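The values are calculated or read from the model by the stated rules, or taken from the named source; none is laboratory data. On a predicted model such as this, the values are computed, not experimentally measured, just so you know. When we count neighbours, we look across all protein chains shown, and the Cβ atoms used for this are built from the backbone with ideal geometry, even at glycine.
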Amino acid sequence: MTKAKVWMVVALCSIAIAVAAIAVAIGRRNDPAVVMPTSPDEEQPAVVDPAEPAPGTGPGTGTTPNPNPPEPGVGGIGTAVNPPEEAQLIADQPGSQINLRSQPTTDSDSKGYGLVGDPVMLLRSTTASDGTWYFVKFDKSGAEGWIRGDFINTEGRATPLSQRADDSNTCEGVMEGMAVTAFYDTNGFHLVRFVNLETKNTFDATLSRQGSSNAGQPLYQGSASPPTGGSYPVALTDLSGGNPRSGSQVSVDYTGIEGSATCE
């Protein structure tokens, strides 16, 4: 072989090797498994650690995440009572035990019971085939559950006042841990309301005129049934002599506990 042919073969081999090197380089650049180096000026995406607080909510920023609190009640049943309302358990019999249900139905499990007069907070309400149910929270124990509406005085923490009482004047006072309110109109005194200042249990005594006291003052008598049960005598003496007005007083005796009230 002449020298010219040898140099031609060497030149062709060099060209083939160069072409192969270029092809390999191109293949590597297109291979998704290969990470190509980036320029120092190229911006890289930030890697967020899920354990770290979101930007603007960390310590020292003055702001914290504010998730919406869950609405009270089981599974969001019914409508939230907003704001929650004070109420009291009621029943025809003073010593009745009122079931606290896990769901607003008499077929659901009982979680316990409350007693007539127990103060509760109304958190949710819903309507069922047997009436309105309330999701309640007991003031003292914190127990929560459903109670049917006919066992709840939704107008407050006592038996709702009659129209006559709403239209009456009042005399108010305190006696041995109880607030007392006497109601009167042109026909005299007809109702006394007692409120236990600790438990907020509220109960009433309906009065009727029963002659006069030994001092000649109008005397009214009745009986009260507190939530704890039983029936106890109540006596009211009108110290105004039968003309109650602002500033006059009455004396009240509840099963031997004596107190007084001043008329407004």
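Within region 153-164, the set of residues being surrounded by fewer than 17 Cβ atoms within 10 Å (Cβ to Cβ) and among the small types (G, A, S) comprises G156, S162. For region 77-118, the candidate set comprises residues that are in a loop (DSSP other than H, G, I, E, B) and free of Cβ contacts under 8 Å to residues at least 12 places away in the same chain; within that set, the residue that is nearest to G142 (Cα to Cα) is D109. Residues of region 168-211 that are among the aromatic types (F, W, Y) and free of Cβ contacts under 8 Å to residues at least 40 places away in the same chain: F183 alone. A179 falls short of the stated requirement of being in a loop (DSSP other than H, G, I, E, B), among the hydrophobic types (A, V, I, L, M, F, W, C) and either at pLDDT below 95 or surrounded by fewer than 18 Cβ atoms within 10 Å (Cβ to Cβ) (or both). Taking first residues from region 244-264 that are over 17 Å from N187 (Cα atoms) and partners that are in a loop (DSSP other than H, G, I, E, B) and charged (D, E, K, R), the Cβ contacts under 9 Å between residues at least 6 apart in sequence or on separate chains come to G247/E264; Y254/E176; I257/E176; E258/E176; G259/E176. Just to verify a result, which residue in region 211-258, among those that are part of a loop (DSSP other than H, G, I, E, B) and aliphatic (A, V, I, L, M), is surrounded by the most Cβ atoms within 10 Å (Cβ to Cβ)? It comes out as L239. Of all residues in region 127-152, those being surrounded by fewer than 20 Cβ atoms within 10 Å (Cβ to Cβ) and either among the charged types (D, E, K, R) or touching a Ser or Thr at 6+ places or on another chain (Cβ under 7 Å) (or both) number 10.
What number of residues in region 235-259 are on the phi < 0 side of the Ramachandran plot and more than 36 Å from the chain's Cα centre (by Cα)? Final tally of qualifying residues: 17.
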